[in-house]
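Below is one structure, written out as structure tokens, with a few remarks after it.
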Amino acid sequence: MRRTIAIRRRLEFCIQFLLCSSLFMALLKILQYPDERLHTIAAPVPEVTDEIRVLVQDMAETMYAAPGVGLAATQVDVHKRVIVIDVSNTHDQLLVLINPEITTHEGESDYEEGCLSVPGIFGKVPRAAQITVEALNKDGERFTLDADGLLAVCIQHEMDHLLGRVFVEYWSRMKQSRIQAKFRKQRRKVM
Ligand code: K1U
Ligand code: ZN
């Protein structure tokens, strides 16, 4: 009997914990191409406030849940220069870039890219292979990062989002029209 009560209490604790953590977890809606709002140019963040830190937290949770390796604020309909990235397999290397600027770039890279706003579409885009980026972290401190490989490509992809540019827009008009038609058809089916 005592064992049953103990198990019940433990179960109640677990349910309460799950309820509380989901109450504080905010998964944001990711805009889907060809949504016009993806073409909005994001504004610089004048000051890294608690409101920005909440946005960063929500964006990180949304990115991990998607799952993805990056997310720009533009994709969640917030038009501020904020990016989250984690290219690690362990999901414990969150990189926050606020007001990012690329200061140097070198070489050429042709990674296969994906986008949470254009699900199921993958392809190459011309990108620099190595970059140096300057940004603010979530505490408002300025830092400089040298990046290559997937991280460099991901930073460039997310910075394009902040400029209202989606990766498929590097491709031919015909290819873009086909992708747009596919997504419009999918949306009609859902509605
Ligand atoms: O911006 C986005 O929509 C996120 C995008 C970032 C990106 C990926 C690859 C090259 C350039 C930019 C994604 O995360 S797409 C999903 C993805 O790549 C992925 C998903 C699960 C595990 C590993 C990767
Ligand atoms: Zn994207």
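Remarks
- Point-charge dipole on Cβ atoms (K/R +1, D/E -1) for the chain, about Cα centre, debye to 20: 1540
- Fraction of antiparallel bridges per DSSP, the chain only, in percent to nearest 5: 95
- Descending by average beta-carbon neighbour count within 10 Å, the peptides 74-82, 56-64, 172-180 line up as 74-82, 56-64, 172-180, the highest first.
- Apportionment of accessible area to carbon and sulfur, region 28-190, percent (1.4 Å): 51
- Average Cα contact separation per residue, region 28-190, under 8 Å, 6 or more apart, as relative contact order %: 24
- Compactness of the chain is given as radius of gyration and Dmax, 19.5, 71 Å, from Cα positions.
- Cα lying deepest toward the dipole's positive end in region 28-190, options Y33, A43, G114, charges on Cβ: Y33
- With a 1.4 Å probe rolled over the protein heavy atoms of all chains, the accessible area of R187, R127 falls in the order R187, R127, largest first.
- Average accessible area per residue (Å²) across region 28-190 - probe 1.4 Å, nucleic acids and ligands excluded: 53
The values are calculated or read from the model by the stated rules, or taken from the named source; none is laboratory data. This structure is a prediction, so every number in the text was calculated from the model and none was measured. Note: ideal-geometry Cβ built from the backbone for every residue, glycine included; neighbour counts use all protein chains shown. Accessible surface is based on the protein model in full, side chains and every heavy atom, while ligands, DNA and RNA are left aside. Shrake-Rupley method; radii C 1.70, N 1.55, O 1.52, S 1.80 Å.
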